[in-house]
Amino acid sequence: MVCEVSIRPMTVRDLQACWELDQRCFADGETYDRDTLRYLLTNPLVIARKIELPDGRMVGFVIGSMEPGGVGHVIALGVDPQWRRRGFGRLLMDALEEAFSEHGATIARLEVRVDNHAAQALYQKLGYTVTQHLPRYYTNGEDALLMMKPLPSPAPDE
């Protein structure tokens, strides 16, 4: 990595910065509107993390939710296009997966656009495998792949 960064919980106070970053990171049909982000950032089942530069600028975020059956669902991972290829996506995913495990998840799942090969490569390096093709998944009609990964059990308290 080029510089020191910190990973912190993301809250509704980060709504505007998260929305602006989401707009830079994703194509039409994949972005979230402010109301959806507000809902996610205030939902008690949602785990959200941001990555910040020393000046406080958010350059990445990850949002996930706990689902029934011990499943952690990765809803969105975004890294500012100017800050990609520095390991920030991996750091955010590691933080989210750790939080999923702490909340009892045994599996993580996510959806990724079929032509987003960079994201697919990251997820495969992290241990995710493609389990299903999802036709017309995104609102713009693009297909997605469903990817899943088993999560380790948290270490027992000593």
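The values are calculated or read from the model by the stated rules, or taken from the named source; none is laboratory data. As the structure is a computational prediction, the values presented were derived from the model and not from experiment. Glycine also receives a Cβ, built like all others from the backbone with ideal geometry; neighbour counts cover every protein chain displayed.
Per-structure values
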read-out	value
Some residue of segment 20-29 being over 25 Å from Asn116 (Cα atoms) and surrounded by 15 or more Cβ atoms within 10 Å (Cβ to Cβ)	no
Options Leu96, Leu151, Leu134: the member that is in contact with a Gly (Cβ under 8 Å, 6 or more places away or on another chain) and farther than 21 Å from Cys25 by Cα	Leu151
Checklist (1) closer than 21 Å to Val130 by Cα; (2) surrounded by fewer than 17 Cβ atoms within 10 Å (Cβ to Cβ); (3) within 14 Å of the chain's Cα centre (by Cα) applied to His73, failing item	(2)
Test: residue in segment 18-41 that is closer than 19 Å to Ala99 by Cβ and β-branched (Val, Ile, Thr)	no
In segment 40-53, residue modelled with the lowest pLDDT [restricted to those that are surrounded by fewer than 17 Cβ atoms within 10 Å (Cβ to Cβ) and touching a strand residue (DSSP E or B) at 6+ places or on another chain (Cβ under 8 Å)]	Leu53
Candidates Met93, Met58 - the one that is within 17 Å of Asn116 (Cα to Cα) and at pLDDT 90 or above	Met93
Yes/no for Ala17 being of a type outside the set (Asp, Glu) and either part of a strand (DSSP E or B) or within 15 Å of Tyr123 (Cα to Cα) (or both)	no
Residue within segment 77-99 that is buried (at least 18 other Cβ atoms within 10 Å of the Cβ) and either out of contact with any strand residue (DSSP E or B) (no Cβ under 9 Å at 6 or more places or on another chain) or more than 20 Å from Val5 (Cα to Cα) (or both) present	no
